[in-house]
Amino acid sequence: LGAPRKRHPSLPESDQVGTAVGLAWTETGGEALVVESVTMKGKGNLTLTGNLGEIMRESATAALGYLRSRAGEWGLQDFPWQSMDVHVHVPEGAIPKDGPSAGITIATALLSSLTGRLVRHDLAMTGEITLRGAVLPVGGIKEKVLAARRHKIRTLLLPQGNSADWDELPAWVREDINARLVSSVADVFSLALVGDGD
């Protein structure tokens with residue numbers, strides 16, 4: 001049949017700083033989504049790249065706003081916000097990406113890059129974030145879980161509000177999947193991040 005027409009994203013093979021794996025709904029089903037974040041000397045700017053839609057940009061802004069407002073809780077009380085820039089990138093820029101479900105993935109990648117803590121590479125997540133740190137339910141759970149299975153990811157972080165969606169999935173879809181239901185960003189960080197930072 002020739003070369004494959006669709007390439008899947010390259011997922012991290014080890015725990016890394018500033019890289020988290022999310023799950024997205026697409027018109028052709030579900031897909032894994034890699035979110036990268038780095039910090040550098042600058043003037044306190046947030047840069048977003050990777051062909052992101054307006055809702056996804058708002059999710060990134062909300063995630064950073066939450067972290068700044070709760071800096072003391074996450075070891076960021078001494079972070080020099082005004083002299084550092086933060087860059088969030090989602091690879092495969094030719095593919096448009098939008099929707100709120102990457103909120104907790106972006107927040108995880110951000111906190112990792114800001115603190116130097118590693119993100120577990122063997123889990124994926126989906127969920128909308130609020131400025132108060134709550135995790136809201138999202139759509140497309142079946143497609144996202146199937147995408148995780150396709151990528152051999154066996155640990156998923158799903159919003160508590162999607163518990164009914166998870167329970168309604170066929171047994172063969174849920175088989176060998178460890179779904180952890182989260183209701184707050186604190187839950188997400190405790191499950192996704194490794195180590196205590198620098």
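Of the candidates 62, 71, 179, which one comes out as most mobile in a Gaussian network treatment of the chain with C-alpha springs shorter than 10 Å?
Taking springs between Cα atoms under 10 Å, the residue moving most is 71.
For the chain, find the longest principal axis of its Cα atoms and tell me its angle to the long axis of helix 141-150, 0 to 90°, nearest 10.
The answer is roughly 90 degrees.
Which order do you get for 181, 158 if you rank them by accessible area with a 1.4 Å probe, largest at the top?
Highest to lowest solvent-accessible surface, that is 181, 158.
Calculated from DSSP H runs of 4 or more alone, at -39500 (n - 2.57) each and per residue, what is the 222 nm mean residue ellipticity of the chain, nearest 500?
On the way: 6 runs with 56 residues, N = 198.
Calculated mean residue ellipticity at 222 nm is -8000 deg cm²/dmol.
Under a 10 Å cutoff between Cα atoms, tell me which one of 101, 112, 83 has the largest fluctuation in the Gaussian network model of the chain.
83
Cross-link candidates for residue 152: which lysines have Cα within less than 20 Å, leaving aside residues fewer than 8 places away along the same chain?
6, 142, 144
So how much accessible area does residue 40 have, in Å² to the nearest 10, using a 1.4 Å probe?
About 80 Å², ignoring ligands and nucleic acids.
Of the heavy-atom accessible surface of the chain (probe 1.4 angstrom), what whole percent is carbon and sulfur?
Looking at the chain in its full context, I get 50 percent from C and S.
Given the protein chains as shown and a 1.4 Å probe, how many square angstrom of residue 70 are accessible, to the nearest 10?
We get 80 Å² for residue 70.
Among 82, 16, 160, which one moves the most in a GNM of the chain with springs linking Cα atoms closer than 10 Å?
Highest fluctuation among the options: 82.
Applying the Karplus parametrisation 6.51 cos²θ - 1.76 cosθ + 1.60 with θ = phi - 60° to the phi angles of region 169-176, what ³J(HN,Hα) value in whole Hz is obtained for each residue in order, glycine and proline being reported as x?
Rounded to whole hertz, the list is 5, x, 4, 5, 6, 7, 4, 6.
For the chain, find the longest principal axis of its Cα atoms and tell me its angle to the long axis of helix 54-69, 0 to 90°, nearest 10.
Its long axis makes an angle of about 50 degrees.
Given H placed 1.01 Å from N in the peptide plane, which residues other than close sequence neighbours of residue 98 have an amide H under 5 Å from its amide H?
Long-range HN contacts for residue 98: 53.
Report the relative contact order of the chain, percent, no decimals, based on alpha-carbon pairs under 8 angstrom and at least 6 residues apart. Working shown, then result.
On the way: 429 pairs, mean separation 51.1, N = 198.
Across the chain, relative contact order equals 26 percent.
Over the chain, average the accessible area per residue using a 1.4 Å probe and give it in Å², no decimals.
50
The values are calculated or read from the model by the stated rules, or taken from the named source; none is laboratory data. Owing to the predicted nature of the structure, the values given are computational and were not obtained by experimental measurement. In case anyone asks, the SASA skips ligands and DNA or RNA and just uses the protein heavy atoms, side chains included. Shrake-Rupley method; radii C 1.70, N 1.55, O 1.52, S 1.80 Å.
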